[in-house]
Amino acid sequence: MGVEVRVEGLTKSFGSQNIWSDVTLTLPPGEISVLLGPSGTGKSVFLKSLVGLLKPERGSIVIKDTDIVRTSEHRLYEVRKLFGVLFQDGALFGSMNLFDNIAFPLREHTRKSESDIRWIVLEKMDMVGLQGAEGKLPGEISGGMRKRAGLARALVLDPEIILFDEPDSGLDPVRVAYLNQLIVDLNAQIDATFLIVTHDIGTARTVPDNLGLLFRRHLAMFGPREQLLTSQEPVVRQFLNGRREGPIGMSEEKDVAQVEAEMAALEARGGDQHNGVGPKGASGGDAVPPQLEPSPGLPERQAQRRRQERVARMLHEFDPATAQAIRASLPEDLLAQADAGVFAPTPLAGGRHWAAESAPAGGAAVLPGPRGRS
Amino acid sequence: MTDGEKPKAPGLLDGKLSPLRPLRASGNLFAFALDVARSLPRRPFQFREFVQQTWFVASVTILPTALVAIPFGAVIALQLGSLTRQLGAESFTGSASVLAVLREASPIVTALLIAGAGGSAICADLGARKIRDEIDAMEVLGISPIQRLVVPRVLAAMVVATLLNGLVSVVGVAGGYFFNVVLQGGTPGAYLASFGALAQVEDFWSGEVKALVFGLIAGIVASYKGLNAGGGPKGVGDAVNQSVVITFLLLFAVNFVMTAVYFQLVPPKGQ
């Protein structure tokens, strides 16, 4: 199963320009998280910091007991092998064809035979729907194919954390829908920790387990998807509804009086419910749409149950609207336990679905907390 | 924003005039060179990449180098031909021409071509990869771009530079001979007989060592500038431009120092 990423008090500046400060969040193992934010709030910078390409000034990023902000270069290269990163344009090596691109990490890091490599590469290409395109050069294929090829390359070393930098940019809505389904299916199959940075509200509403929003150099909010989807925070509401009325301006912040006037006008028109449909899948209201399920025939997402147990334990921390939305997503037994205030942990189901079952850990009586792959 | 930590507005110059800037830049370049040196012995050595790059650098430099070497040798021959005639030392034309080509002309021509043709190609290649996120992707895949890309390129530049120096020596001397004998009416016998009068084998070796160092510098500067390119296609163009200029400046300074050291170490013939 995926590993937990714990970010604490992270601050990053370029020169005298502060990008964001004091970002604290935890990506729960195996779950899908989405990070939203207006353009230019440093979402990509955040992703690059997570993989150690940029060094934040303050704070820590702990992955498998290693703080990658402060670790040695050598250790950093080791930790990076846990990562798969899908860059915005795929970042394929322009001089190699797709097969060599996807085989590249295997050839560099493993001593697998060429026939084994071929088998793995073709499997991953099949996974992302790129059969028959092995011989093409990155310059010869469409943006969507480049993205999927980049994804296949990110998957080839069986990563435990996968980061997506705007997987939807430059794709039509149908392809985005396929890609989203692919992301959920992948999560069900490999149970890695996913973080998606995007502007697409449709994606943010239906794909993730957790949602976060970066705004004004801070992490405005991060939590279970229901928390943001039902939030009354003006910034969150504005972003999720894709409207002009609210604190986010075209290039910079608006003043308070203007925001208030806009909000009053919006309310006079009937609020978000009557505001029509915004761009990028933003739709009115604070409904919590059902989450995407893995395609039929695939195993259930292991993170789903873990997440349900996690949010059931946190239920009392949320405001009533959020708690209500979360309760609607929880199964009977967990609801009963949550109300009674006792939790019976589910026995550990170790490893990925193809990995051999590891012996159950000794402390099965404790709640399944974050743990590494044994 | 509720916390008192108001973000500072970016200033107009924002430290651009700071006296520490050039110091920091050269420090970064030096640190990069040390990184390359540290990655040099690291296994696995990228032999394929090394061969490919050697071939690539050679293919972009050999023809221009030969074409530059011929007129260079010719100019030296012309200058020396008239000078020796004025001094009445025509019998020394050949030796002086060999000396000039071997000691200075050939390393300088090599340096110009390695920096101008080879270095700029390396810088443009790495810069294009950088702005397409390929370098980041490589690092994220747990592969050090310095070991995977830079070390083979620097070694390739060094190897090709030493080979080019040999080529320029031969072509330059041959060009000098042609111009002196055919165009200026010098005697072939005198030209060839005086060959070894002033020049010695050490001159050739010093040229080779210079070329090796020039190749190293050109490779390192080009890779450093390429890997630090930013700001889109224009950034790559700027990086290539800067890399060529910086390499030239460094090469001529290093050439001066090496020549001075050479004269201390190897006494001229006949002393």
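Read the figures in this text as sums done on the coordinates, not as results from a lab. Since this is a predicted model, take the numbers as computed values, not measurements. All Cβ positions, glycine included, derive from the backbone under ideal geometry; neighbour counts span all protein chains shown.
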Of B:I114, B:I62, B:I131, the most mobile residue in a GNM of chain B (C-alpha springs, cutoff 10 Å) is B:I131
In whole Å, largest first, the alpha carbons of region A:5-223 cover along the principal axes 47, 41, 32
Filtered hits (aspartates and glutamates, Cα-Cα < 15 Å from A:K147, offset >= 8 within chain) -> A:D89, A:D126, A:E134, A:D165, A:E166, A:D168, A:D172, B:D133, B:E134
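Taking a ≥ b ≥ c as the square roots of the eigenvalues of the Cα gyration tensor of region B:159-271, is the shape rounded (a/c under 1.5), prolate (a/b larger than b/c) or oblate?
Values: a/c = 3.49, a/b = 1.97, b/c = 1.78.
Prolate shape, in that a/c is at least 1.5 and a/b is the bigger ratio.
May I ask for the Rg/Rh ratio of chain A, computed from Cα atoms with Rh as the Kirkwood radius, given to two decimals? All intermediate terms of the calculation are to be shown ahead of the outcome.
Working: Rg = 21.2 Å, Rh = 21.9 Å.
Over the Cα atoms of chain A, Rg/Rh equals 0.97.
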Among B:L212, B:L20, B:L198, the residue with the largest mean-square fluctuation in a Gaussian network model of chain B built from Cα contacts under 10 Å is B:L20
Given Cβ charges of +1 for Lys and Arg and -1 for Asp and Glu, the option among B:L67, B:A193, B:N255 whose Cα lies farthest towards the positive end of the dipole of region B:62-261 is B:L67
In whole percents, the bins of 10 Å from zero upward hold the Cα-Cα pairs of chain B as 7, 25, 27, 19, 12, 6, 2, 1, 0, 0
From the cross-link list A:K48/B:K225; A:K55/A:K280; A:K43/A:K81; A:K12/A:K64, the entries with a Cα-Cα span beyond 26 Å are A:K55/A:K280
The size of the Cβ-based charge dipole (Lys, Arg +1; Asp, Glu -1) of region B:62-261 about the Cα centre, to the nearest 20 debye, is 180 debye
Looks like region B:11-114, by Cα gyration tensor root eigenvalues a ≥ b ≥ c and the a/c under 1.5 rounded cutoff (else prolate when a/b is bigger than b/c, oblate otherwise), is oblate
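Restricting to the protein assembly as shown, compute how many DSSP beta bridges are antiparallel as a %, nearest 5. Could the numbers behind the result be given before it?
Working: 22 of 39 bridges.
DSSP beta bridges in the protein assembly as shown are roughly 55 percent antiparallel.
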Ratio for region A:77-156, C-alpha Rg to 2.2 N^0.38 Å, reads 1.01
Between A:L214 and residues 5 or more places away or on another chain, the pairs with built amide H atoms under 5 Å apart involve A:L36, A:G37, A:A220
Surrounding charge for A:H199, neighbours by C-beta under 10 angstrom, Lys/Arg +1, Asp/Glu -1, total -1
Taking max minus min of the Cα coordinates of the protein assembly as shown on each principal axis, largest first, gives extents in Å of 112, 61, 41
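Okay, helix-only estimate at 222 nm for the protein assembly as shown: each DSSP H run of n ≥ 4 adds -39500 (n - 2.57), divide by all residues, round to 500 deg cm²/dmol; what do you get? Kindly include the intermediate steps, with their values, before the conclusion.
Values: 24 runs with 332 residues, N = 645.
The helix-only estimate for the protein assembly as shown comes to -16500 deg cm²/dmol at 222 nm.
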Cα-based Rg/(2.2 N^0.38 Å) for region B:208-262, rounded to two decimals, is 1.30
Most fluctuating of B:L126, B:L80, B:L34 in the GNM of chain B (C-alpha, under 10 Å) is B:L34
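What net charge is computed for the residues neighbouring A:T110, neighbours being all others with C-beta under 12 Å from the C-beta of A:T110, Lys and Arg scored +1, Asp and Glu -1?
On the way: positive: A:K81, A:R107, A:R111, A:K112; negative: A:E108, A:E114, A:D116, A:D158.
Local charge sum for A:T110: 0.
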Here the net charge surrounding A:W119, from other residues whose Cβ is less than 13 Å away from its Cβ (Lys, Arg +1; Asp, Glu -1), is -2
Toy charge model, Lys and Arg Cβ at +1, Asp and Glu Cβ at -1: the protein assembly as shown dipole around Cα centroid in debye, rounded to 20, equals 1640 debye
Log10 I(q)/I(0) at q = 0.12, 0.13, 0.19, 0.22 Å⁻¹ for region B:85-197, from Debye over equal alpha-carbon scatterers, is -0.59, -0.63, -0.95, -1.11
